[in-house]
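In what follows, a structure is listed as structure tokens, so that the remarks can point back to it.
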Amino acid sequence: MTIASRHRLLALASAIALACAACSQQPPAPAAQAEAPAAEAVPDSSPDVHRFAIGAFEAAMVRDGDITLPNDGTILAVGQPRADVDALLQAEGLATDPLQLSIQGLLVTAGERVMLFDTGAGAASFADGGRFPQSLRAAGVEPAQVTDVFISHAHGDHVGGLVDGNGQPAFPNATVRLSEPEWAAMQADAGQAALVQAIASQVDTFAPGAGDVVPGVDAVAVDGHTPGHSAYLVKDGDARLLYIGDAAHHHVISVRRPRWTIRFDGDAPVAEASREALLARAADEGLAIASPHFPFPGVGRIERREDGSFAWVPAQ
Ligand SMILES: [Zn+2]
């Protein structure tokens, strides 16, 4: 199946899901069913939802789709000899071509707040994404319940899901939070004018690296990928989880070789230094990590190898 036909199928499935969600609300359900907690109606075994905890916060990774990239020395390991890239992948038992990235966002429920970290690709044509709304519902959350959407950066596979298929805000009751320089760059990008107009009234910006953007969430400035790229540290008590955004893209290439150039990085030397520094921090502090692009669910930790490099250790 081509990506385009898959998209059409996904769009159709989405439309059907929305239609069924609407029609299932009428006629009113019998009292016994109405009293059942909504979460019980949700299959907990959805392959697109991975639940976990951050202290007392309920969290879930919510799957959007995939990105497939050629291993041709132009994207994830720019200018590196193919044999070196292949050897790195083969050592981890991975196919060498094409390269696969997952797309997922993070859902955190903390008291009255229902928080998302990135929103998937929506209708972005370069990705085989768009499952985010269905996955979110499988996690037991309706889009209108979301109170805060934290954006790591304004690339399409992270902000595409901010609007629905009609270009209207997908999370109408949420504050959309991103760094001041990222919002400024987004507003200056003519290609994102429609998205900017759609979400402008929802946006609240913060200074790069701001602590407690909301209680329990620090922004972590990770420079180089985009003008105001942010990771986020979610904290409850002693529990910590670092949502890394696009500080790293591929769980082997980006982690084992953080200094290899990635075409998506706007300022590659700065991004490479940032990537290496963030991996070092994650390893040294033993932080739980959530990644939007590592193999689903993208939850795990970073460890140092004896040669000074890093490795991704997915959670069991
Ligand atoms: Zn991305």
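The numbers here are math on the coordinates, done by the rules we state, and not lab data. Remember, it's a predicted structure, so these values are computed and weren't measured experimentally. Cβ placement follows ideal geometry from the backbone for every residue including glycine, while neighbour counts extend to all protein chains displayed.
Taking 0.36 nm per residue of sequence separation and removing the Cα-Cα distance, the GLU58/ASP212 pair yields an extension gain of 53.6 nm.
Kirkwood analysis of the Cα pair distances in region 3-314 returns a hydrodynamic radius of 20.0 Å. For helix 268-285, what angle does its Cα long axis make with the longest principal axis of the chain, in degrees from 0 to 90 and rounded to 10? Roughly 80 degrees between the two axes.
Output the peptides 113-125, 291-303, 175-187, 191-203 sorted from most to least packed, where packing is the average of other Cβ atoms within 10 Å over each peptide's residues.
Descending mean neighbour count gives 113-125, 291-303, 175-187, 191-203.
Listed peptides 85-92, 222-229, 258-265, 133-140 appear in the order 222-229, 133-140, 258-265, 85-92 once ranked by packing, highest mean of other Cβ atoms within 10 Å at the front.
Pairs of Cα atoms nearer than 8 Å and 6+ residues apart set the relative contact order; for the chain it is 16 percent. In this structure, the amide hydrogen of ILE54, modeled 1.01 Å from its nitrogen in the peptide plane, lies closer than 5 angstrom to those of ALA59, counting only residues at least 5 positions away or on a different chain. A helix-only calculation puts the chain at -7500 deg cm²/dmol for mean residue ellipticity at 222 nm, using -39500 (n - 2.57) for each DSSP H run of at least four residues, averaged over all residues. Looking at region 3-314 alone, DSSP beta bridges between its own residues are antiparallel in about 75 percent of cases. For GLY79, the shell of other residues with beta-carbons less than 14 Å away shows a net charge of 0, using +1 for Lys and Arg and -1 for Asp and Glu.
For region 120-204, the convex hull spanned by the alpha carbon atoms encloses 86 Å³ per residue. Once the Cβ-Cβ distance of GLN187 and ASP267 is raised to the sixth power relative to R0 = 22 Å, the FRET efficiency obtained is 0.65.
Spin-label model, ASP238 to ARG113: label points 7 Å out along the Cα-to-beta-carbon direction sit 2.3 nm apart.
Seen from ILE54, the other residues with C-beta closer than 10 Å to its C-beta sum to a net charge of 0, counting Lys and Arg as +1 and Asp and Glu as -1. Label 7 Å along Cα→Cβ of ALA315; region 57-71 residues with amide nitrogen under 17 Å? What the label zone holds, given the 17 Å backbone N cut-off, is 57-64.
Summing +1 for each Lys or Arg and -1 for each Asp or Glu, what net charge is found among the other residues whose Cβ lies under 14 Å from the Cβ of GLN192?
Details: positive: none; negative: ASP157, GLU182, ASP189.
With Lys, Arg at +1 and Asp, Glu at -1, the net is -3.
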